[in-house]
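Comments concern the structure below.
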Amino acid sequence: MPSPFPGIDPYLEGPDWEDFHLLLISTLRDALTPSVRPHYVVRAERRVYLEHDLDPDPSSMRPGVAVLRKPGKRSSRAGAAGPHDESPSPVLPTLPMTEEHREAFLVLRLRESMEIVTVIEVLSPANKRTGSDGRREYLAKRESVLRSATHLVELDLLRGGRRLPTVEQLPAGEYYAFVSRGNRRPRTEAFVWALRDRLSPIPVPLAGKDPDVMLDLPSAIDRTYDRAGYDYSLDYARRLVPSLRDSDAAWAREILRRRNASGR
């Protein structure tokens, strides 16, 4: 069953995004393969990196080591341990940890040489979080592609976080697709959609004089939503982060009211 929202379901942006991301990559591959065979192959690859905890608000930080004593009778001599002294009670600070992240993306390769022609990326929240290892890693990989002859297609289907860097300010919107052709850089094509828009197909460039293939993005998103069963498993009662503008929030509530009234 399709999403009640015409474009990207805003409730996917949250705990279910990683699952949606993985399944969308698979669906995009299925959608592209019939259009590019037999001269190209579409392969899913992964980027692996370590993500460190971001520094918390300094005002909320506590010392790294602290020992507290429970209220009660203190020893008669300062610094002396008596037989009736209670054991000190430790606080429980959280240590910064590293977490391994794996991000999937697609590459189109020439079948005979296996040379990479086009890279297709679907951004994750970590790619858009200021100061994160995920953003630094992504931008470094992005820069290496932009300095090559490889085409790059980037899908930013998240409302939250920082947008990809461009020289000019991007048009207002919630969702973006960028098609950067190796022979036309630094110019890129940007497709922009508002929350209420249904997304449109986008071009995927190929090698040499081969014509673009069109990636049916809205159908791929619908299929991903349906395959995962998000119609019954998404939590439509939770608070959206980032929040919606008042007018969009009223629009979303009305969509969900109609959905509930229809018994979906």
For a test of the definition: using alpha carbon positions, the gyration tensor, and the 1.5 limit on a/c, classify the stretch 117-183 as rounded, prolate or oblate. oblate
Assign unit charges at the C-beta atoms only (+1 for Lys and Arg, -1 for Asp and Glu), then state the dipole size of the chain relative to its Cα centre in Debye, rounded to the nearest 20. 460
For A207, net neighbour charge (Lys/Arg +1, Asp/Glu -1) across residues whose Cβ lies under 12 Å away: 0
With a probe of 1.4 Å, find how much accessible area the stretch 183-254 has per residue, and write the answer as a whole number in Å². 59
Just T118, T33, T166 to compare: in a GNM of the chain, with alpha carbon springs under 10 Å, which one fluctuates most? T166
Defining a contact as two alpha carbons under 8 Å apart and six or more residues distant in sequence, what relative contact order in percent does the stretch 133-236 show? 18
Which value in nm describes the separation of the simple spin-label points at R198 and A172, placed 7 Å from the Cα toward the beta carbon? 2.5
Pairing the Cα long axis of helix 217-228 with the longest principal axis of the chain, what angle in degrees results, from 0 to 90 and rounded to the nearest 10? 50
Which percent of the accessible area of the chain is formed by carbon and sulfur heavy atoms (probe 1.4 angstrom)? 52
Taking a ≥ b ≥ c as the square roots of the eigenvalues of the Cα gyration tensor of the stretch 187-247, is the shape rounded (a/c under 1.5), prolate (a/b larger than b/c) or oblate? oblate
Mean ellipticity per residue at 222 nm, deg cm²/dmol - from DSSP H runs of n ≥ 4 across the chain, formula -39500 (n - 2.57): -8000 deg cm²/dmol
So how strong a dipole does the stretch 113-170 carry about its Cα centre when Lys and Arg Cβ are +1 and Asp and Glu Cβ are -1, to the nearest 20 debye? 300
Under the definition of Cα pairs under 8 Å and six or more residues apart, what whole-number percent is the relative contact order of the chain? 24
Please report the antiparallel percentage of the DSSP beta bridges confined to the chain, to the nearest 5. 85
With the cut-off at 1.5 for a/c, could you classify the stretch 102-247 from its C-alpha gyration tensor as rounded, prolate or oblate? prolate
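The values are calculated or read from the model by the stated rules, or taken from the named source; none is laboratory data. Every value quoted in this text rests on a predicted model; they were computed, and no experiment measured them. Here Cβ is always computed from backbone atoms with ideal geometry, including for glycine, and neighbour counts include all displayed protein chains. These accessible areas exclude ligands, DNA and RNA; they are computed on the full protein's heavy atoms, side chains included. Shrake-Rupley method; radii C 1.70, N 1.55, O 1.52, S 1.80 Å.
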